[in-house]
Amino acid sequence: MLSADIIEVDLDVNQPAELSFEAGQWISVPFGPKNVRAYSIASTPLSSRRITLCADVAPGGIGSAWFRGLAAEQAVEFKAPFGGFVFRRDDPRRSLFVAEEIGIVPIRSMLADLAETGFELRAKLLYWGRDPSWLPYHAEFLALTRRCPGFAYHPMVGAGDAGRLAARVDALVTDTSDLVAYVSGSGVMIDAVRRALMAKGLDRKSVRWEKFW
Ligand SMILES: Cc1cc2nc3c(=O)[nH]c(=O)nc-3n(C[C@H](O)[C@H](O)[C@H](O)COP(=O)(O)OP(=O)(O)OC[C@H]3O[C@@H](n4cnc5c(N)ncnc54)[C@H](O)[C@@H]3O)c2cc1C
């Protein structure tokens, strides 16, 4: 338990023996025909035999119940990897990462992967949680600011809404000419952040996103 409603689990990959994926991708867990839940991989591609997932179990549906009930040594079937919310290393622009609570998971994988492989980061992370317990990996991002001079971290707590987060984006971003954004969380937040960035001149395609709910 990372907090009362946030659970992290490690899965050992055994059939096949390894999982190749890109940081930011997700797995699909089946719950019967046509019923699946997606979970982003929180760990990095360097660890291909053990992956970490991290879930907010507050929604209380079938996926949350599955997560809460996971037991040590339990076999888990899933399909993977999926998704195109991945960091493009050949893109020379500065990055703005924006995450809402559990939406941090794919971004955590990307940032950890970039740090682990010595990529020279030129990035800001704006990360909102309703209170500090809703900022999993906060300590890791603080540590990253010490290791990577090109990385700036802007945590934000308190009653939040998409509008407040978008206003903070508006205040943080002064120039969009050399920027690409990676935004993850609710559809409402993604829309609000995209609108704020586009109002500053960023083109729509330069806002990449992962919608969790
Ligand atoms: C590409 C992708 C990656 C995802 N990665 C993760 C991940 O790494 N960790 C994770 O916890 N979830 C992740 N999700 C969400 C996850 O797939 C489930 O939707 C979530 O676990 C809720 O499932 P549930 O069956 O418990 O609730 P459901 O019965 O599916 O949902 C109940 C209600 O809660 C809403 N809801 C779902 N999630 C949230 C939330 N976090 N906050 C507020 N409302 C919510 C739903 O829209 C719905 O209205 C991801 C979703 C997608 C599409």
Task: Fewest-first ranking of D56, D203, using other Cβ atoms within 10 Å as the exposure measure - done: D203, D56
Task: Relative contact order (%) - the chain, alpha-carbon pairs under 8 angstrom, separation at least six - done: 19
- [ ] Could you line up E22, E101, E140 from fewest to most neighbouring Cβ atoms inside 10 Å?
- [x] E140, E22, E101
TODO: With both partners inside the chain, how many of the DSSP beta bridges are antiparallel, as a percent to the nearest 5?
DONE: 40
Open item on the list: If I take every Cα pair under 8 Å that is 6 or more residues apart in segment 94-211, average their sequence separation and divide by the length, what percent do I get for the relative contact order?
Closed with: 31
TODO: For helix 162-172, report the angle its Cα long axis makes with the longest principal axis of the Cα atoms of the chain; keep it between 0 and 90° and round to the nearest 10°.
DONE: 50
Task: the chain, helix-only ellipticity at 222 nm - DSSP H runs n ≥ 4, -39,500 (n - 2.57), divided by all residues, nearest 500 - done: -8000 deg cm²/dmol
TODO: Using only Cα atoms, find the angle between the long axis of helix 138-147 and the longest principal axis of the chain, and express it within 0 to 90 degrees, rounded to the nearest 10.
DONE: 60
Task: Local electrostatic count at I27 - Lys and Arg +1, Asp and Glu -1, tallied over other residues with Cβ under 12 Å - done: +1
TODO: With unit charges on the beta carbon (Lys/Arg positive, Asp/Glu negative), name the residue among A55, A17, G32 whose Cα is farthest towards the positive pole of the charge dipole of segment 6-82.
DONE: G32
Open item on the list: Based only on other Cβ atoms within 10 Å, what is the fewest-to-most ordering of M189, M1, M198, M110?
Closed with: M1, M198, M110, M189
Task: Hits among lysines - C-alpha to C-alpha of K79 under 29 Å, sequence gap 8 or more where chains match - done: K34, K205, K211
- [ ] Give the cross-link partners of K124 among the aspartates and glutamates, using a straight C-alpha distance below 16 Å as the criterion and excluding same-chain residues fewer than 8 apart.
- [x] D91, E100, D113, E140, D170, D175, D178
Task: Degrees, to the nearest 10: 187-199 long Cα axis against longest axis of the chain - done: 20
Open item on the list: Restricting things to Cα coordinates, could you compute the convex hull volume per residue of the chain in Å³?
Closed with: 124
Open item on the list: Whole angstrom only: what separates the Cα centroid of segment 174-213 from the Cα centroid of segment 76-146?
Closed with: 15
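Since every read-out is calculated from the coordinates, none of them should be taken as a lab result. None of these values were measured; they are calculated from a predicted model. Glycine gets a Cβ as well: all are built from the backbone with ideal geometry, and neighbour counts include every protein chain shown.
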